[in-house]
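None of the figures in this text is laboratory data; all of them are computed from the coordinates on show. For clarity, every value in this text was computed on a predicted model and none was experimentally measured. Every residue, glycine among them, receives a Cβ derived from its backbone with ideal geometry; neighbour counts consider all protein chains shown.
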């Protein structure tokens, strides 16, 4: 399994809304990230679903500035389902 396929698999979460957000980001925004930002995205995927949801919904702000930046990139790219 190549690195991109592995990341897409890791974007499959226990929460359907996170699946949509993360998989959409992989298709729409991931390739525009720098190598360092892509590594940060991979690190972000190790966070628990509830933490990710809180970050993406703006209910919490990551302390790590690199994580906060990638969260913002995802939030700007996301197409929220209605």
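Here are the numbers for the structure shown:
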| quantity | calculated |
| --- | --- |
| Length-normalised contact order for the chain - Cα pairs under 8 Å, 6+ apart - percent | 35 |
| Label-point separation, residue 16 to residue 66 (7 Å along Cα→Cβ), nm | 3.5 |
| The chain - mean residue ellipticity at 222 nm from DSSP helices (-39,500 (n - 2.57) per run, n ≥ 4, rounded to 500) | -19000 deg cm²/dmol |
| Packing-based exposure ordering (other Cβ within 10 Å, fewest first) of 33, 44, 22, 16 | 16, 33, 44, 22 |
| Choice from 64, 49, 19 with maximal GNM fluctuation in the chain (Cα, 10 Å cutoff) | 64 |
| Gyration tensor (alpha-carbon) shape descriptor, the chain, a/c threshold 1.5 | rounded |
| With 5 Å bins from 0: P(r) over the stretch 23-62, alpha-carbon pairs, percent | 6, 22, 25, 28, 18, 2 |
| Fewest-first ranking of 51, 46, using other Cβ atoms within 10 Å as the exposure measure | 46, 51 |
| Packing-based exposure ordering (other Cβ within 10 Å, fewest first) of 4, 75 | 4, 75 |
| Distance in nm between pseudo-label sites at residue 59 and residue 35 (7 Å out along the Cβ direction from Cα) | 3.7 |
